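Engineer: Supplied in structure tokens, the structure appears directly below.
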Amino acid sequence: MPHNNTAYYEFGPYRLELAQRLLTCTGEMVALTRKATEILIVLVAHAGQLVERDELLKEVWPDSFVEESNLTQTIFQLRRTLGDERAEPRYIETVARRGYRFIANVRAVHGNEAQDVAESGNGHGADGGADAVQTVAILPFVNATGDSGYEYLAEGLTDNVVNSLSRVSKLRVMSRSAVFRYKSKRLDPRVIGMELGVGVVLVGSIVSRMATSGSSKRSVPPPIAIVIELVEVRSGWQIWGESFDCNIKEILEVQDAITRGLLSALKLKLTGEEEKRVTTRYTENAEAYQAYLEGRYHWSKYTRSGIEKAIVHFRQAIELDPNYALAYAGIIDCYLRLATNYLPPESDAKGPSVNGASTEENRLDSVDDPKTNSEQTPNSEEKVKLRFEWDWTVAETERRRAIELKTEYPAAHQWFAAYRVATRIFEEVNGRSPTTTLLGLKLPAQVRFGVLTPGEEVHVLCTVAREQIAVGNFEAAALILKSWYPENGWPELQALSPYSAADLLLTLGNLIAYLAGSKRGGNHKQAEVFLSGAIALFEQLGVKSRSTEAQVELARSYYRQGLFDLARTTFSLAISQCPQNQPEVKSHCLIFWSVLERDVGRLLDSMARLREAESLQVTGLLMRGRCELELATTIKELAVSENQDWYYDQARLHYKTALHEFEAIGHHRMAAIVENNLGYLLVNLGLTEESETHLLRSRRFFDTLSDNLRVAQVNETLTRLYIATKRYTEAQKTIECAVQALEQTEGEAVLSEALTTSGIVACRLGRYTEAQKTFEAAFKVSERCGDREGARRALVSMFEEMRKRLDGEELRQLSNKLRRLQSVDEPSLLTRRVDETIGCIKSLLGT
């Protein structure tokens, strides 16, 4: 949009003055570089339109040649300044491989006249147009009945509407984690909408029937009413509102009516496929659905008593609808968590990080919202989140997988068989008689049953195993697949179709790779064999999406062993072969590829891959959580590299979001990984007491899982903390445990880092001969696995700790090694340390 007569633009709380090239936020000046300002002007002037990368480069750097990385870094800085560091952008949207789009509502002010930028499709009405992509936030439904017994319904309604709307291509729906901090806060929907950068906000509440009795025409008043209001953020107008009087038995119809009403108010036309997806139900029995919601509500508390209560409700749902797949999945998950004790350690069950609002979370909430006070902070019960979105995502993925593998989504008799297996596992682990809980466990008459064929058994067991792998419960996945999990050699594949055989090899290969770092066993070489076999079979069958999935897992196995070059080549191959209609597989690959690039010091490459993964708009708490975690960690590395405090603030916010996403699906393993990373970040900030709390909590959980590799990683972080606080005796004991554990795994890149830290500790204790040997061992391990970054870190650390104790020949050898490892990649703190070390040695030697 031309702006030759425009005085300024307004979007959210910001004003962009064109004459002064000045950005302000609620009257306060916002610091931007000149190039970032020019890019912002171009994007805002073309709000709602795609601006190609080449166009931006020509507009902002007209007389010079620059790499695209300059544009990527400037966009990153601009997003950071706008507070747009999240999976659901509020202002700048990345369009993969093409360019960027400004998606917030924009007003262009000409003198005393104001005009909405017509191209911005983020709002509602004529300006946006029927074909524009619109944005909406579904605020958590409020239980205003005064009866806590309806809390599960408020939670369930929110998630159901979010999930239904997220299936519409022309609608961007803010994730549950993005809006959950507004639960129970009495704020103006316009204010929330402006903070989130959306066009419309849906507000819903459940009230007692008595409050709306005058509108009822029924002879028997229903017990509740659901009140809906759709507010346009820009104007504050209510563009749709309705009150639904209903019984619990009518809740499915009401949910559909809310979804259809909102789509109608936004004037969105659905394709036939979207219409089918939006109206998808997993049961037509409202009472079964109610029982399922109550089960999920108790399940999401992640306590033993909560899961036991959930089992009762899930069984009730199955009795009411024997074909209810999600209820089977729920009850199987409950039994497997109880059997494997995949629950937060008891010492943390009522602690600050498990579903409740921790001190860290409350403090970070105040960063998001300076007005937040103790009265506005949700209590632990209000912080409980459910896994409905996860259920939908997993179910949809498994349905698509079934179609590709020429089979059906597991039928009721298969689910029942898996239910029986999970129950038996629970009984065996707890030493109970098989008749204790199997009494009365009968297959409903509506469901046919017989002995499962090998293909049917593999199909449903792999489905269950993948769910358990996805939430980090690897032991449960191994128990479920026990009859197909060989100690040595290959599983018996003769009775399986090629499709089932390939699916089994992929699932087993993925599982074994994860188990490689724990006491349960498994090794990367066996995983590689299985994954390679799966790739070959899928390629032969022409199932490209599953072949790509197996390649991604194979690349991750190489990465875990420190085979970085081989891992990068495999990631690249997977991306090149990924089908266009499989964005979740591509997103999965990009996220884990970004981890590799970060670990070898290519931070901008890592960030670029994460931004591309974000642009794919993949739903699902697991992938969003993983993306938030890796964003946080990459930004943390940028903070260390560039010594910029604002990076630390952004990293902490991303870690908080990741923690919420993982806790929402009960992925305690990933939550503990976030705790470890957050602890490391706090060490760098000098917040050692707070850091130690997070790290010890993380280690306790990994200890309960016998995850030796992760325990060692946490111990390495704890050692850094003890070094920072000069607790060298504790540091020595802790790092020795880490090194001993890592020497028994295949994680050589992690071992190299631990050896370097061990060398630092030895120096601080005055054991220089031991320290020098340890640094040299770290260098050799890094060189062996192609970890140039680890090799450089070991050598630089040796010089920094021992410079006065190295003779001339040792200094020359160290300098020669560092010269071979000098990086031509992007500058980083370690690169500068390498250059400074070489310069120092040159000065010391007088050369």
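The values are calculated or read from the model by the stated rules, or taken from the named source; none is laboratory data. Note that the coordinates shown come from a computational prediction; the quantities given were computed from them, not determined experimentally. Here Cβ is always computed from backbone atoms with ideal geometry, including for glycine, and neighbour counts include all displayed protein chains. Side chains are part of the model used for accessible areas, which takes the heavy atoms of the whole protein and leaves out ligands, DNA and RNA. Shrake-Rupley method; radii C 1.70, N 1.55, O 1.52, S 1.80 Å.
Engineer: Between their Cα atoms, which of Lys525/Lys586; Lys276/Lys301; Lys249/Lys482; Lys309/Lys482 are more than 30 Å away from each other?
Structural biologist: Beyond 30 Å: Lys276/Lys301; Lys249/Lys482.
Engineer: If you don't mind, there's one more thing I want to ask. Of Gly625, Leu705, Thr717, which is farthest along the charge dipole of region 611-720 in the positive direction, counting Lys and Arg as +1 and Asp and Glu as -1 at C-beta?
Structural biologist: Value computed over the given set: Leu705.
Engineer: Got a sec? Charge dipole of region 553-692, +1 on Cβ for Lys and Arg, -1 for Asp and Glu; which of Leu596, Leu638, Val585 is way out at the positive end?
Structural biologist: So the residue we want is Val585.
Engineer: Run the quick spin-label model on Glu736 and Ala31: label points 7 Å from Cα toward the beta carbon, then report their separation in nm to one decimal.
Structural biologist: 4.7 nm
Engineer: Something else now. On full extension of the chain, what length is gained from Arg424 through Ser843, given 0.36 nm per residue of separation minus the C-alpha to C-alpha distance?
Structural biologist: Gain on stretching Arg424 to Ser843: 143.8 nm.
Engineer: By its C-alpha gyration tensor, with a ≥ b ≥ c as the square roots of the eigenvalues, how is region 237-281 shaped: rounded for a/c under 1.5, else prolate for a/b larger than b/c, else oblate?
Structural biologist: Taking the square roots of the gyration eigenvalues as a ≥ b ≥ c, region 237-281 is oblate.
Engineer: Rank-order 35-45, 245-255, 479-489 by packing density, defined as the average count of other C-beta atoms within 10 Å over each peptide's residues, highest first.
Structural biologist: Result, highest mean Cβ count within 10 Å first: 35-45, 245-255, 479-489.
Engineer: Also, I was wondering about something else. Could you give the size of the charge dipole of region 700-847 about its Cα centre, using +1 on the Cβ of each K and R and -1 on the Cβ of each D and E, expressed in debye and rounded to the nearest 20?
Structural biologist: 540 debye
Engineer: Another question about this same structure. In debye, nearest 20, what is the charge dipole magnitude of region 652-766 about its Cα centre with +1 on Lys and Arg Cβ and -1 on Asp and Glu Cβ, if you could check?
Structural biologist: Taking the Cα centre of region 652-766 as origin, the dipole is about 340 debye.
Engineer: Additional query: Report the calculated FRET efficiency for Glu408 and Ser235 (r = Cβ-Cβ distance, R0 = 45 Å), to the nearest 0.05.
Structural biologist: Step by step, r from the Cβ atoms, then E = 0.40.
Engineer: Could you give the nm distance between label points at Arg190 and Thr271, where each point is 7 Å from its Cα heading toward the beta carbon?
Structural biologist: If labels sit at Arg190 and Thr271, their model points lie 3.7 nm apart.
Engineer: Please state the relative contact order of region 190-333 as a whole percent: Cα pairs under 8 Å, 6+ residues apart?
Structural biologist: Reported as a whole number, the value is 15 percent.
Engineer: Something else: Calculate, for region 608-733, the solvent-accessible area per residue in square angstrom, rolling a 1.4 angstrom probe over the heavy atoms of the protein chains.
Structural biologist: Counting only protein heavy atoms, the per-residue value for region 608-733 is 30 Å².
Engineer: Could you sort Tyr648, Tyr8 by accessible area so the largest value comes first, with the probe set to 1.4 Å?
Structural biologist: Tyr8, Tyr648
Engineer: Give the peptides 266-273, 154-161 in descending order of average Cβ contacts within 10 Å, highest first.
Structural biologist: Per-residue Cβ counts within 10 Å, averaged per peptide and sorted highest first, yield 154-161, 266-273.
Engineer: Give the distance, in whole Å, between the Cα centre of region 699-745 and the Cα centre of region 6-34.
Structural biologist: Spelled out, the Cα-based centre of one part sits 48 Å from the other.
Engineer: Shifting gears a bit: Magnitude of the Cβ-charge dipole of region 621-699, K/R +1 and D/E -1, about the Cα centre, nearest 20 debye?
Structural biologist: 320 debye
Engineer: Using a 7 Å offset from the Cα along the Cα-to-Cβ direction at both Thr280 and Gln49, what is the distance between the two label points in nm, to one decimal?
Structural biologist: Distance between the two pseudo-spin positions: 3.7 nm.
Engineer: Specify which residue in the list His46, Leu22, Thr33 is farthest towards the positive end of the charge dipole of region 11-67, using unit charges on the beta carbon of Lys, Arg (+1) and Asp, Glu (-1), about the Cα centre.
Structural biologist: It is Leu22.
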